[in-house]
Amino acid sequence: MGNSEIVRALRNMDDRDDIPQDLCEQMLKYVPMPEEKAMLDEHGHELDQMARADRYLYEMSRIVHYEERLKALCFKKKFVERVTDVKLKTNSVNKASKEIYRSKRLKKLLEIILAFGNFMNRGQRGNAVGFKVTSLNKIADTKSSSDSGVTLLHYLMETCERKFSDVLKIHSDLEHVREAAKVNMTELEKDLHILRIGFKDLEKELEFHRSRPRDAGDKFLHVVSEFIKTVALNLSEVEDAFQDMKQWYERACKLFGEDAKAMQPEEFFGIFDQFLVAAAEAKMDNDNYKKKQEEEKRKAKAEIERRKKVGKGSK
């Protein structure tokens, strides 16, 4: 794009998407400083002799509130991506928190695990009334004394299959845990803060343009006046969803004796996600072991039948 095309696109707030998002971000890195602008103004009469970069900076600096306009344009280009990302992450943590809080199968499974622990620690630390959720995945590390390939988790899955088969459907209760385990609350709050700041900057720049004579061909007021309505609506929805999510996340953490302020969703839900993956693998191991045993029994039975036939044939 030539300088005149960039200027035209900026005055139109790029209503035809001529400026790619990455170019817009690069342009923000090279906004002329006040002292650079003053120096360029001094040599404005030497435009034809200017280096290409200096001429670009000079022509951009002719645009009123160039930096503010460019920031508004970059915010506009990234808004849908940013707000969608915040909504998806907020929604994932919200749903996962409700699933963890409400799941009867999870509560039953934890009761069984507690009973296992009390039985194994009888006479030592038995009769515990609960355990830290952070110790949940130690079950997969507790190996059998007779077979190192078998863990307490394998036995837990076998017991559930025999006596508490409904508990094995727990995956369907916790569908959003994996996505929630990818969310860092601190980063999510930063992303939301960027949306808030961008909205305030838009309001401020709109007021500036409303307070001055309108330049012919400048579409900033028209484009941004419409865009800011979309921003306000989406930001309001995100703020409400975020507060609801935080409340549910705090409830879920409190239910397991954890402090929501000290434990990130990626850690909290990561514990459950890791356990569900390990539990599924342990169940698969059990199923494969049973199939192997059944196959060995079938082969042994077939061998016995074969020997009987051979014996009868030799008489």
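The values are calculated or read from the model by the stated rules, or taken from the named source; none is laboratory data. Not measured: the values here are computed from a predicted model. Cβ coordinates were reconstructed from backbone atoms using ideal geometry, including for glycine residues, and neighbour counts include every protein chain displayed. Quick note on the areas: whole protein, heavy atoms, side chains included, nothing else; ligands and nucleic acids left out. Shrake-Rupley method; radii C 1.70, N 1.55, O 1.52, S 1.80 Å.
Here are some notes:
Condition check ((1) in contact (Cβ under 8 Å) with a residue 40 or more places away in the chain; (2) over 30 Å from Gln247 (Cβ atoms); (3) of a type in the set (A, V, I, L, M)) across all residues:
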{"residue": "Val7", "(1), (2), (3)": "yes, yes, yes"}
{"residue": "Met13", "(1), (2), (3)": "yes, yes, yes"}
{"residue": "Leu106", "(1), (2), (3)": "yes, no, yes"}
{"residue": "Leu110", "(1), (2), (3)": "no, no, yes"}
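- Some residue of segment 252-271 being of a type in the set (Val, Ile, Thr), within 21 Å of Leu174 (Cα to Cα) and out of contact with any Phe, Trp or Tyr (no Cβ under 8 Å at 6 or more places or on another chain): yes
- Residue in segment 60-81 that is of a type in the set (Asp, Glu), under 27 Å from Arg212 (Cβ atoms), open to solvent by less than 70 Å² (accessible area, probe 1.4 Å) and at pLDDT 80 or above present: no
- Conditions (1) surrounded by 18 or more Cβ atoms within 10 Å (Cβ to Cβ); (2) touching a helix residue (DSSP H, G or I) at 6+ places or on another chain (Cβ under 6 Å); number of the one not met by Gln274: (1)
- Extreme residue, farthest from Ile112 (Cα to Cα), among residues of segment 151-175 that are touching a residue at least 60 places away in the same chain (Cβ under 8 Å) and open to solvent by 50 Å² or more (accessible area, probe 1.4 Å): Glu175
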